[in-house]
Amino acid sequence: MADKDEKTFWVGFDLGGTKMQATIFDAEFRPLGSKRAKTKGNEGAEAGVDRIIKLINEAQVEAGVTDKALSGLGIGCPGILDLDRGIMHLAPNLGWENIKLKDILEKALKCPAYVVNDVDAGVYGEYRFGAARDAHCALGVFPGTGIGGGCIYEDRILRGKTNSCMEIGHIQVMPGGPLCGCGRHGCLEAVASRLFIAASAAMAAYRGQAPHLLADGGTDVAAIRSGALSRAIEAGDEAIERIVRQAAKHIGTAVGSVANLLAPDIVVLGGGLVEAMPKLFVEEVREAAEKQALPSMAAGMKIVAAKLGDDATVAGAAAWARRSVEGNGRK
Ligand SMILES: [Zn+2]
């Protein structure tokens, strides 16, 4: 066994709205220890940060890696971030405000820590180890409760001066359309997120147009998860299939518009909905994106489903920490 006191190990952390995960990686990014826990929205930031550190320590014990052996840590976070200073300004789902995550984690674990947007970390993970490996420009789109986006451009996470960018969920695809959670009308998220799909599906079930969904998930929007939608389509609920395909088309149109600006060579689609129905999503997004993108952009663009699932964020965050510590020597 390698000397686990030598500085060759990296921590990836995924701080999600409902769950968190800590994984310790070796120098080849093989996972040596991994721990998950629920995120408790109501426990307050101080207790929450203590649990982050505790979870990392538990993963270290599983991996047999001491603090002395940690080279760096990357943490994928939701909300509004100051990326360089590593401050979480606001995470509405967690109820956290102005948390100096970088400082706190560096002090606790005695290694450099990097705060990354969670979707960016996931896309970086797919770019380094998954479906978008070695792309020149990888665009990631993750439809879930909202619709997250991220872009890796020439081995860098595309970002603003202090904050993250690629809010593809708030591209307008339907002027005057439904109200979005952000307060604007007709955003992609307002017509294609899982929340919108589930609400439309619940209505169809209530109207008697989706008997299989009605029997399986009922009409409770919160209970209509990706699996229930996929099972209903499988069983023959055509109304549900139309709703999901229409949502995927909207995502494709937005992807095509972004393609005209960035010319991604790989577009990765991920998240629970895509995992439950990869073929349907890839098909519809590809068709709509190819219609919206200029032919020269569409020609060089591959659209694929993500490969790493939930592990993309921890792997991407850890790899980004290493890239930040060691500079751009990788390429
Ligand atoms: Zn919006």
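Measuring between their Cα centroids, segment 90-146 and segment 32-69 lie 16 Å from each other. Protein heavy-atom accessible surface, 1.4 Å probe, per residue over segment 9-124: 42 Å².
With protein chains left intact and a 1.4 Å probe, residues in segment 202-325 average 45 Å² of accessible area per residue. Within segment 72-161, all pairs of alpha-carbon atoms sorted by distance into 5 Å bins from zero give the percentages 3, 14, 22, 21, 19, 13, 6, 0. Rg/Rh for segment 133-305 (Cα atoms only, Rh after Kirkwood) is 0.99. Using only Cα atoms and rounding to the nearest 10 degrees, what angle (0 to 90) does helix 226-235 make with the longest principal axis of the chain? For helix 226-235, the angle is close to 40 degrees.
Partner aspartates and glutamates whose Cα lies under 14 Å from the Cα of Lys19, excluding those fewer than 8 positions away in the same chain, are identified as Glu43, Asp118, Asp310, Asp311.
Over the chain, the reciprocal of the mean inverse Cα-Cα separation, the Kirkwood hydrodynamic radius, stands at 20.4 Å. Take segment 205-331, drop everything but the C-alpha atoms, weight them equally and run the Debye formula without solvent; then report log10 I(q)/I(0) at 0.10, 0.12 Å⁻¹ to two decimals. Results for segment 205-331 at q = 0.10, 0.12 Å⁻¹ read -0.44, -0.60. Rounded to the nearest whole Hz, the Karplus-based 3J(HN,Hα) values (6.51 cos²θ - 1.76 cosθ + 1.60, θ = phi - 60°) of segment 244-260 follow the sequence 5, 5, 5, 4, 5, 4, 4, 4, x, 5, 5, 4, x, 5, 5, 4, 5, with x at glycine and proline.
Looking at the chain, the DSSP beta bridges with both ends there are about 60 percent antiparallel.
Surface composition of the chain: carbon plus sulfur atoms contribute 53% of the solvent-accessible area (1.4 Å probe, protein chains only, all chains present).
The charge dipole of segment 133-305, taken about the Cα centre with unit charges on the Cβ atoms of Lys, Arg (+1) and Asp, Glu (-1), comes to about 320 debye, rounded to the nearest 20. Pairwise alpha-carbon distances in segment 28-107 exceed 20 Å for 36% of all pairs. Our coupling estimate for segment 162-177, obtained by passing each phi through the Karplus curve with A = 6.51, B = -1.76, C = 1.60 and θ = phi - 60°, is 10, 10, 7, 9, 6, 7, 5, x, 10, 6, 7, 10, 8, x, x, x Hz, Gly and Pro reported as x. Among the GluC sites (Glu not before Pro) within segment 119-191, those in coil by DSSP and having at most 13 neighbouring Cβ atoms inside 10 Å are Glu154. Angle of helix 118-129 to the longest C-alpha principal axis of the chain, folded into 0 to 90 degrees and rounded to 10: 80°. Assuming charge only on the beta carbon of Lys and Arg (+1) and of Asp and Glu (-1), the dipole of the chain about its Cα centre is about 240 debye to the nearest 20.
Around Gly33, which amide H atoms from residues at least 5 apart in sequence, or from another chain, sit under 5 Å from its own amide H, with H modelled in the peptide plane? Long-range HN contacts for Gly33: Ile24. Taking amide H atoms as placed 1.01 Å from N in the peptide plane, the amide H of Gly148 lies under 5 Å from those of Phe142, each 5 or more residues away in sequence or on another chain. For the chain, the longest principal axis of the alpha carbon atoms and the long axis of helix 194-206 meet at an angle near 40°. Distance between the modelled labels on Lys307 and Asn163, one decimal in nanometres: 3.4 nm (7 Å Cα→Cβ projection). Taking a threshold of 19 Å on the Cα-Cα distance, which of the pairs Lys68/Lys107; Lys40/Lys68; Lys54/Lys107; Lys54/Lys102; Lys54/Lys100 fall above it? Over 19 Å Cα-Cα: Lys40/Lys68.
Mean residue ellipticity, 222 nm, helices only, the chain: the sum of -39500 (n - 2.57) across DSSP H runs of n ≥ 4, divided by residue count and rounded to 500, is -13000 deg cm²/dmol.
The values are calculated or read from the model by the stated rules, or taken from the named source; none is laboratory data. Predicted model only: the values in this text are computed from it and were never measured. Note: ideal-geometry Cβ built from the backbone for every residue, glycine included; neighbour counts use all protein chains shown. Note: accessible area is taken over every heavy atom of the protein model, side chains too, but ligands, DNA and RNA are not part of it. Shrake-Rupley method; radii C 1.70, N 1.55, O 1.52, S 1.80 Å.
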